[in-house]
1. As I understand it, the value is the acute angle between the Cα axis of helix 37-69 and the longest principal axis of the Cα atoms of the chain; what does it come to in degrees, rounded to 10?
2. Before anything else, pin down the relative contact order of the chain: Cα pairs under 8 Å, at least 6 apart, normalised by residue count, whole percent.
3. How high is the relative contact order of segment 126-251, in percent, counting Cα pairs under 8 Å that sit 6 or more residues apart?
4. Which length gain, in nm to one decimal place, applies between LYS248 and LYS194 when the Cα-Cα distance is subtracted from 0.36 nm times their residue separation?
5. Under 1.5 on a/c is rounded, so check that first for the chain, then, if it is not, pick prolate when a/b is larger than b/c and oblate when it is not; a ≥ b ≥ c are the square roots of the alpha carbon gyration tensor eigenvalues.
6. For helix 161-171, what angle does its Cα long axis make with the longest principal axis of the chain, in degrees from 0 to 90 and rounded to 10?
7. Sequence neighbours fewer than 8 away in the same chain don't count; with that in mind, list the lysines whose C-alpha is under 24 Å from LYS99.
8. Based on C-alpha coordinates, I'd like the Rg and Dmax of segment 3-118, in Å.
Amino acid sequence: MGVRKRLYLGLLSATLLLFGGTIVYIWLTVFQRDGGLLRYFFAAAVIVVLFVLLIVGLGFAGIVLSIVSDRSFKVLDGPINFTVSILYPVVIRLGKLFKIAQDKIQRSFVEVNNQLVKARRGSMNPGRLLVLLPHCLQDRDCTNRITTNEKNCRRCGRCKVGDLLALGERYGVHVRIATGGTLAREAVKQLRPKAIVAVACERDLTSGILDCIPLPVLGVTNERPNGPCHNTTVRPEAVENAILFFLKGGNNYVTP
Ligand code: SF4
């Protein structure tokens with residue numbers, strides 16, 4: 001397991017320990033001492049939290065098992081999705097406490113997510129795959145309105161948008177360029193894909209992946225030689241590999 005993946009998984013396990021420890025503390029300090037009605041209230045609260053912890057524990061076990069064995073366990077999909085979405089804000093806060101940069105955690109999260117998506121088996125129809133590109137890939141001086149209609153791109157070669165649109169045509173997949181989460185959500189709502197290849201920075205990929213749960217999203221991190229949100233770029237081969245993974249993926253992707 002790579003170092004990057006270990007960061008997110010380490011923080012996730014620390015979060016679980018933290019919650020488990022809190023339950024034990026409440027049990028020992030409040031529940032054991034209080035003999036009144038409050039005792040029953042705490043007992044009910046502890047049972048609910050233990051139930052949530054059980055699902056989260058199953059989700060965590062599912063994540064680790066999938067990564068280690070490179071296989072998916074369909075029965076654990078629900079707990080995995082629940083764990084990832086409910087604990088993400090806690091993981092970020094815990095990382096802050098340990099003074100770990102947020103983008104480092106997000107990079108680790110995207111890697112874990114990609115590994116979980118890749119652990120699925122089978123192949124899918126190109127018409128159900130959506131490639132989402134960020135607007136910042138467009139050359140800053142280009143005036144063509146590609147977010148309203150990607151066909152407005154003249155494919156002049158000044159930025160990678162033309163190459164990526166050609167890639168989409170070659171494989172028959174949908175390609176949309178979004179300025180932010182709202183446009184991306186609209187594209188998902190309109191096209192109803194079964195899977196997504198998303199290009200963006202770690203922060204946007206993370207929020208997009210969390211937004212789309214349970215839809216599988218393969219994240220491709222963009223390169224930012226001119227700083228964030230400005231004339232960014234991406235290797236078309238990386239996007240092509242992600243597309244091929246869903247279409248053929250070693251013939252090993254199963255639509256959810
Ligand atoms: S390839 Fe050319 S026309 Fe297309 S978005 Fe980039 S700069 Fe504009």
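1. Once rounded, one gets 40 degrees.
2. Values: 354 pairs, mean separation 53.7, N = 256.
Once normalised by length, the contact order is 21 percent.
3. Values: 194 pairs, mean separation 39.8, N = 126.
In percent, rounded to a whole number, it is 32.
4. Values: separation 54, 0.36 × 54 = 19.44 nm, distance 1.44 nm.
Separation in residues times 0.36 nm, less the Cα-Cα distance, equals 18.0 nm.
5. On the way: a/c = 2.55, a/b = 2.04, b/c = 1.25.
The shape class here is prolate.
6. With rounding to tens, the tilt is 80 degrees.
7. Hits, sequence-local ones excluded: LYS5.
8. Answer for segment 3-118, Rg first and Dmax second: 16.3, 52 Å.
Computed from the coordinates by the stated procedures, all read-outs in this text should not be read as laboratory data. Just so we're clear, the structure is a prediction, and the values are computed from it rather than from any experiment. When we count neighbours, we look across all protein chains shown, and the Cβ atoms used for this are built from the backbone with ideal geometry, even at glycine.
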